[in-house]
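Notes for the one structure printed next.
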Amino acid sequence: MKQKVTVVGAGNVGASLVERLHTTGLVDVVLVDIPETGGMPKGKCLDIEQGGSVLRSDSSVIGAADYEQTKNSDIVVLTAGFPRKPGMTREQLLDINAKIVSSVARQIISASPKAILIVVTNPLDAMCFVALRETKWPRNRVIGMAGILDASRLERLIAQKLGVSIENVSACVLGTHGETMVPVPSATTVFGVPITKLMKESEIAEVVQKCVQGGAEIVGLLKTSAYYTPAACVMEMIMAIIKDKRKILPCSVYLEGEFGLKDVYLGVPAVLGKNGVERVMEVPLNDQEKAAMDKAAKAVQEMQDYLKKSPVPA
Ligand code: APR
């Protein structure tokens with residue numbers, strides 16, 4: 001039997017992800033949205049599933065307005081919520097998306113109590129905290145997707161700058177999925193060589209700045225947030241989990257002492273396998289990078305403290 005993946009939120013990120021999942025033929029998929037969206041999730045799923053013949057995929061793709069058909073999913077991806085509009089920071093979505101994430105998490109717990117939950121909704125690290133608080137699941141099963149996206153953006157910028165294939169670039173981006181993102185040049189390599197040995201400090205600063213602003217640039221152009229690459233990045237996580245790859249990917253994980261930080265969600269290198277986060281890999285950081293991680297943790301901690309004070313949203 002194929003593994004089952006539920007995607008909650010049939011908008012840009014959710015639908016793009018379902019299309020990619022279907023193409024693999026490896027998993028059965030359910031796409032859920034609120035009843036107010038009418039037949040939209042079903043319509044999108046029919047459209048996707050009808051490509052099975054030309055794409056050589058036997059995956060079933062079901063659209064739904066409730067959680068009945070999502071029962072016993074192995075993986076649930078939470079993309080429900082509002083995206084950014086021009087001029088907005090991810091943090092400005094905090095209250096409104098916390099409510100949505102809480103209510104979706106409650107439905108997931110009863111439908112798929114053993115699932116691994118991948119959170120995509122922004123502000124990412126804070127939304128992971130909401131999902132963890134609501135599900136009360138162990139941290140290995142509540143993971144945020146952000147660092148893969150930020151690293152992918154940085155890899156593209158470095159590849160273009162150096163005129164080499166993006167396949168030769170491996171970027172390490174930790175911290176928050178926001179202003180306090182922590183690109184780690186010392187652990188960012190091209191063909192195994194740290195970029196600190198290949199690029200001038202000013203060039204590194206330039207690509208890092210563009211990477212941090214990468215999401216906002218797209219929001220300015222699209223008037224909504226990115227979705228093709230975010231969906232591709234969630235795929236990377238799902239494949240690592242269902243194939244039990246133990247692949248190291250930067251993900252938002254609830255820290256329990258790693259990097260000297262505790263009780264806070266933050267982007268760190270995570271070994272992803274069949275149990276979700278198998279462990280966190282601590283990369284060596286220099287003083288500047290460590291200080292940036294501390295600052296990032298403080299920013300998320302403030303949001304978590306704010307959420308702790310607010311009653312569990314209805
Ligand atoms: N349950 C299920 N779906 C919901 C709920 C809910 N309680 N509330 C909202 N949704 C659905 C909306 O109906 C919409 O179809 O979530 C979907 C969101 O889709 P888009 O508006 O297209 O947003 P998208 O670009 O997919 O981004 C979703 O991911 O990357 C983040 O910042 C982004 O927080 C945003 C989220």
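The values are calculated or read from the model by the stated rules, or taken from the named source; none is laboratory data. Please read these numbers as outputs of a predicted model, since none were measured by experiment. Positions of Cβ are backbone-derived with ideal geometry, glycine not excepted, and every protein chain shown enters the neighbour counts. All accessible areas refer to the heavy atoms of the entire protein, side chains included, with ligands and DNA or RNA removed. Shrake-Rupley method; radii C 1.70, N 1.55, O 1.52, S 1.80 Å.
Among rounded, prolate and oblate, which fits the chain when a ≥ b ≥ c are the square roots of the eigenvalues of its C-alpha gyration tensor, a/c under 1.5 means rounded, and a/b larger than b/c means prolate? Verdict is prolate for the chain. For Glu278, the residues whose modelled amide H falls within less than 5 Å of its own, excluding neighbours fewer than 5 places apart on the same chain, are Val271, Leu272, Gly273. A straight Cα-to-Cα reach below 24 Å connects Lys295 with the lysines Lys210, Lys262, Lys308, Lys309, residues fewer than 8 places away in its own chain not being considered.
Considering only the other residues whose Cβ falls under 13 Å of the Cβ of Gly257, what net charge follows from Lys and Arg at +1 and Asp and Glu at -1?
Working: positive: Arg139, Lys262, Arg279; negative: Glu256, Glu258, Asp263, Glu282.
Counting the neighbours of Gly257, the net charge comes to -1.
Each of Val219, Gly43, Ala296 was placed along the dipole of the chain (beta-carbon charges, centred on the mean Cα), and the one lying farthest toward the positive end is Gly43. A rounded overall shape is assigned to the stretch 147-308, the ratio a/c of its alpha-carbon gyration tensor axes (a ≥ b ≥ c) being less than 1.5. Working from label points 7 Å from Cα in the Cα-to-Cβ sense, the Asp47 to Ala232 distance is 2.1 nm.
Of the trypsin sites (Lys or Arg not before Pro) in the stretch 215-314, which ones lie in a loop per DSSP and count no more than 11 other C-beta atoms within 10 Å?
Values: sites: Lys223, Lys243, Lys245, Arg246, Lys247, Lys262, Lys274, Arg279, Lys290, Lys295, Lys298, Lys308, Lys309; in loops: Lys223, Lys243, Lys245, Arg246, Lys274.
Within the stretch 215-314, the qualifying trypsin sites (Lys or Arg not before Pro) (loop, at most 11 other Cβ atoms within 10 Å) are Lys223.
Loop-located GluC sites (Glu not before Pro) across the stretch 264-314 with a Cβ neighbour count of 15 or fewer within 10 Å are Glu282, with loop assigned by DSSP. Within a straight-line Cα-Cα reach of under 12 Å, Lys114 can be paired with the following aspartates and glutamates, leaving aside sequence neighbours fewer than 8 residues apart in one chain: Asp74.
Shown here for the stretch 154-203: trypsin sites (Lys or Arg not before Pro) in loop regions (DSSP other than H, G, I, E, B) with at most 10 other Cβ atoms within 10 Å, namely Lys200. A Gaussian network model of the chain, with springs between Cα atoms under 10 Å, assigns the largest mean-square fluctuation among Leu31, Leu255, Leu117 to Leu255.
Surface composition of the chain: carbon plus sulfur atoms contribute 53% of the solvent-accessible area (1.4 Å probe, protein chains only, all chains present). Are any of the pairs Lys99/Lys136; Lys2/Lys274; Lys42/Lys71 more than 26 Å apart by Cα-Cα distance, and if so, which? With Cα atoms farther than 26 Å apart: none of Lys99/Lys136; Lys2/Lys274; Lys42/Lys71. In summary, the helical segments of the chain meeting the span-like criteria, namely a full DSSP H run, a Cα extent along the axis of 15 angstrom or more and a mean Kyte-Doolittle hydropathy of at least 0.0, are 12-24, 94-111, 124-135, 147-162, 201-212, 228-242.
Computed from point charges on the beta carbon alone (+1 for Lys and Arg, -1 for Asp and Glu), the dipole magnitude for the stretch 147-308 about its Cα centre is near 400 Debye. Net charge of the neighbourhood of Phe129, taken over other residues with C-beta under 11 Å away and scored Lys/Arg +1, Asp/Glu -1, is -1.
Listed by chain and number, the lysines whose alpha-carbon sits under 16 Å from that of Lys197, ignoring those within fewer than 8 places in the same chain, are Lys161. Under a Gaussian network description of the chain, with springs only between Cα atoms under 10 Å, the residue in Pro123, Pro113, Pro183 that fluctuates furthest is Pro113. Dipole check for the chain: with +1 at the C-beta of Lys and Arg, -1 at the C-beta of Asp and Glu, and the Cα centre as origin, the magnitude is about 340 Debye.
Basic side chains Lys and Arg get +1 at the Cβ, acidic Asp and Glu get -1 at the Cβ, and with that the dipole of the stretch 137-202 about its Cα centre reaches some 80 debye. Computed with a 1.4 Å probe over protein heavy atoms only, the accessible surface of the chain comes to 45 Å² per residue.
Packing, taken as the mean count of other beta carbons within 10 Å per residue, orders the peptides 231-242, 142-153 from highest to lowest as 142-153, 231-242.
Let me know the shape class of the stretch 46-155, please: from the alpha-carbon gyration tensor, a ≥ b ≥ c as square roots of the eigenvalues, rounded when a/c is under 1.5, otherwise prolate if a/b is greater than b/c, or oblate. Present the calculation step by step, with values, prior to reporting the outcome.
Numbers: a/c = 1.73, a/b = 1.25, b/c = 1.38.
Note, shape of the stretch 46-155 comes out oblate.
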